[in-house]
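Accompanying notes for the structure given below.
The values are calculated or read from the model by the stated rules, or taken from the named source; none is laboratory data. These numbers come from a predicted model, not from an experiment. Every residue, glycine among them, receives a Cβ derived from its backbone with ideal geometry; neighbour counts consider all protein chains shown. Side chains included, ligands, DNA and RNA excluded: accessible areas come from the protein's heavy atoms. Shrake-Rupley method; radii C 1.70, N 1.55, O 1.52, S 1.80 Å.
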Amino acid sequence: MKNILVVDNHPVILQFMKGLLEKQGHEVKTADGALAALTLLEKFTPDVIFVDLVMPYISGDKLCRILRTIPTLRNCYVIILSAVAAEEEVDFKNFGADACIAKGLFDKMGEHVVSVLDRLEEGEGTDLGDKIIGSEDVYQREISKELLSSKKHFEVILNNLSEGILVLTLEGRIINANPTAVTILGTPEEKLLAAQFAALFAGNHKQRVETALAQIETGPQKIDDHDPLFLDDRQITFHMVPVEEDEQQCIIVILHDVTQRKRMELHLQQAQKMKAIATLAGGIAHEFNNALCGITGNIELMQMDLPQDERIIRYADAIRVATERIAHLTNQLLAYGQGGKYYPRIVSLKDFAEDTLSIVRHNIDPAITVKTDFSKSDSAVKVDLTQMQMVLTTLLNNASEGIENGGSITVSTQDVTVDEQITRVHPGVSPGPYVCLTVKDNGVGMDKETQTKI
């Protein structure tokens with residue numbers, strides 16, 4: 001005796017198969033479709049499953065693929081029982097079935113069913129080959145061939161659409177998905193079918209899908225790209241439409257992946273914003289330079305008129321140092337406004353670090369100790385001084401912002417040799433001698449959100 005499940009949407013077939021198999025002493029359960037079968041399989045583990053190919057919602061071939069993903073059915077024997085076998089070649093092995101019996105006259109079909117089960121009992125039916133059993137007992141029907149041809153045309157169109165298409169039951173279970181929808185959702189078709197559409201999403205996005213499904217009776221529902229759904233790292237929109245035909249109701253969902261477009265829009269907005277800021281920075285820098293020219297010019301005139309007055313000279317030198325610091329800042333603004341043009345020159349790394357510290361030290365909390373540890377070998381580097389100052393200034397400011405209740409910042413330089421192990425971690429860096437500038441602090445560091453913005 002075997003536990004047997006028969007899946008067919010035709011009640012006469014279900015009644016015939018149940019009576020036939022129970023007479024043979026088997027325990028038989030029936031399901032009028034794939035969804036009903038999957039629900040029943042949650043509590044029932046059959047030894048043999050008979051599956052019709054043409055059924056509403058989830059077709060027999062797709063049901064077979066789903067069955068083969070269920071661990072408890074790994075050793076289950078799946079038999080296709082379908083009239084389609086008379087009209088077209090059925091590659092049942094391709095979608096996970098073990099055998100195929102053509103539907104025909106009940107007496108002949110019954111004989112083939114009993115024969116296959118008898119062979120299974122005797123251990124001879126584990127491999128019946130790829131021949132359709134009983135195909136010689138049935139004849140082709142032109143109407144069925146035309147219907148199958150129309151179905152194939154529909155499937156070709158559906159499978160080649162650039163939009164993702166889902167078909168849902170009124171309860172929100174997925175009963176069909178074209179290849180584009182499978183790609184957009186990032187889940188194999190076998191796992192999508194019979195799953196709850198809303199369950200693919202999480203949090204607020206899941207609630208939004210559930211709300212759309214609850215309101216579908218009032219008319220089409222839409223989530224547009226102004227506020228898309230998030231599924232992992234993808235942004236998705238959909239148009240949900242209710243459909244009723246031949247007393248069967250379902251929901252069509254048209255999916256769009258707008259991830260790339262939203263990223264491009266964000267990049268464009270960011271580029272426009274940066275361009276506007278750069279233009280503003282360049283304008284401010286030029287105005288600062290104009291003012292600095294007046295200050296430095298008047299200092300020189302004052303020193304020329306009073307060359308013997310030491311007090312005036314001392315004050316004038318202090319003013320000149322201050323203006324030079326402002327000039328450094330305006331150069332940074334100009335470099336930013338010009339889009340990062342470089343003017344490299346050879347400078348002492350130690351002198352550069354000391355000069356930068358003198359400029360920014362007043363911006364650092366007095367409770368924070370700033371230490372230096374410079375290499376004895378005063379290495380020279382070829383850099384754009386303004387760009388380097390922008391980098392070091394930012395590092396120092398960020399370090400001070402991350403320190404609470406006092407702490408320390410250490411700026412150090414040292415000569416290092418880069419080997420091949422380091423180049424594997426940092427592509428583009430060649431092995432050889434380098435000088436290393438390090439900014440180290442004992443602050444709280446960066447959280448994950450901040451790290452993503454580096």
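Which of the following residues is under 18 Å from K108 (Cα atoms) and β-branched (V, I, T): V48, V12, V7?
Within the list V48, V12, V7, the selection yields V12.
Return the pairs, sorted by first residue and then second, in which the second residue is part of a strand (DSSP E or B) and open to solvent by 50 Å² or more (accessible area, probe 1.4 Å), the first residue lies in region 402-424 and is in contact (Cβ under 8 Å) with a residue 60 or more places away in the chain and at positive phi, the beta carbons are less than 6 Å apart, and the residues are 6+ apart or on different chains.
Short answer, once both residue conditions are applied: none.
Mind checking which residues of region 164-209 are among the charged types (D, E, K, R) and in contact with a Ser or Thr (Cβ under 6 Å, 6 or more places away or on another chain)?
Of everything in region 164-209, just one residue is among the charged types (D, E, K, R) and in contact with a Ser or Thr (Cβ under 6 Å, 6 or more places away or on another chain), namely E190.
Could you list all residues from region 196-220 that are surrounded by fewer than 16 Cβ atoms within 10 Å (Cβ to Cβ) and under 18 Å from I58 (Cβ atoms)?
A199
So that you can scan it fast, the table gives a plain yes or no per residue for (1) open to solvent by less than 50 Å² (accessible area, probe 1.4 Å); (2) part of a helix (DSSP H, G or I):
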position: Q389; (1), (2): yes, yes
position: L392; (1), (2): yes, yes
position: N398; (1), (2): no, yes
position: I403; (1), (2): yes, no
position: D415; (1), (2): no, no
position: R424; (1), (2): no, yes
position: P427; (1), (2): no, no
position: C436; (1), (2): yes, no
position: V444; (1), (2): no, no
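For region 345-357, state whether one or more residues are charged (D, E, K, R), in contact (Cβ under 8 Å) with a residue 24 or more places away in the chain and in contact with a Lys or Arg (Cβ under 8 Å, 6 or more places away or on another chain).
Checking region 345-357: at least one residue is charged (D, E, K, R), in contact (Cβ under 8 Å) with a residue 24 or more places away in the chain and in contact with a Lys or Arg (Cβ under 8 Å, 6 or more places away or on another chain).
Return a yes/no flag: does region 197-209 have any residue that is more than 30 Å from R68 (Cα to Cα) and touching a strand residue (DSSP E or B) at 6+ places or on another chain (Cβ under 8 Å).
There is at least one residue in region 197-209 that is more than 30 Å from R68 (Cα to Cα) and touching a strand residue (DSSP E or B) at 6+ places or on another chain (Cβ under 8 Å).
Working carefully through the options K23, K29, K43, K18, find the one that is open to solvent by 10 Å² or more (accessible area, probe 1.4 Å) and touching a Leu at 6+ places or on another chain (Cβ under 6 Å).
K29
Quick one: count up the residues across region 395-454 that are touching a Cys at 6+ places or on another chain (Cβ under 6 Å) and either among the polar types (S, T, N, Q) or closer than 24 Å to R361 by Cβ (or both).
Total satisfying the criteria: 1.
Of a type in the set (G, A, S), over 11 Å from V411 (Cβ atoms) and under 44 Å from the mean Cα position of the chain (by Cα) - does that describe any residue in region 354-371?
Within region 354-371, not a single residue is of a type in the set (G, A, S), over 11 Å from V411 (Cβ atoms) and under 44 Å from the mean Cα position of the chain (by Cα).
If you scan region 331-358, which residues turn out to be among the hydroxyl-bearing types (S, T, Y), in a helix (DSSP H, G or I), in contact with a strand residue (DSSP E or B) (Cβ under 9 Å, 6 or more places away or on another chain) and modelled with pLDDT under 70?
Correct list: empty.
Name the one entry in S144, S82, S115 that is among the small types (G, A, S), surrounded by 11 or more Cβ atoms within 10 Å (Cβ to Cβ) and at pLDDT below 75.
S144 is the lone residue from the list that is among the small types (G, A, S), surrounded by 11 or more Cβ atoms within 10 Å (Cβ to Cβ) and at pLDDT below 75.
Looking only at strands (runs of 3 or more DSSP E) that fall completely inside region 3-121, which ones have 2 or more residues that are touching a residue at least 24 places away in the same chain (Cβ under 8 Å) and of a type in the set (S, T, Y)?
Per the criteria, 77-82.
Evaluate region 359-372: report whether one residue or more is in contact with a helix residue (DSSP H, G or I) (Cβ under 9 Å, 6 or more places away or on another chain), in a helix (DSSP H, G or I) and open to solvent by less than 40 Å² (accessible area, probe 1.4 Å).
Checked against the condition, which is being in contact with a helix residue (DSSP H, G or I) (Cβ under 9 Å, 6 or more places away or on another chain), in a helix (DSSP H, G or I) and open to solvent by less than 40 Å² (accessible area, probe 1.4 Å), region 359-372 yields at least one hit.
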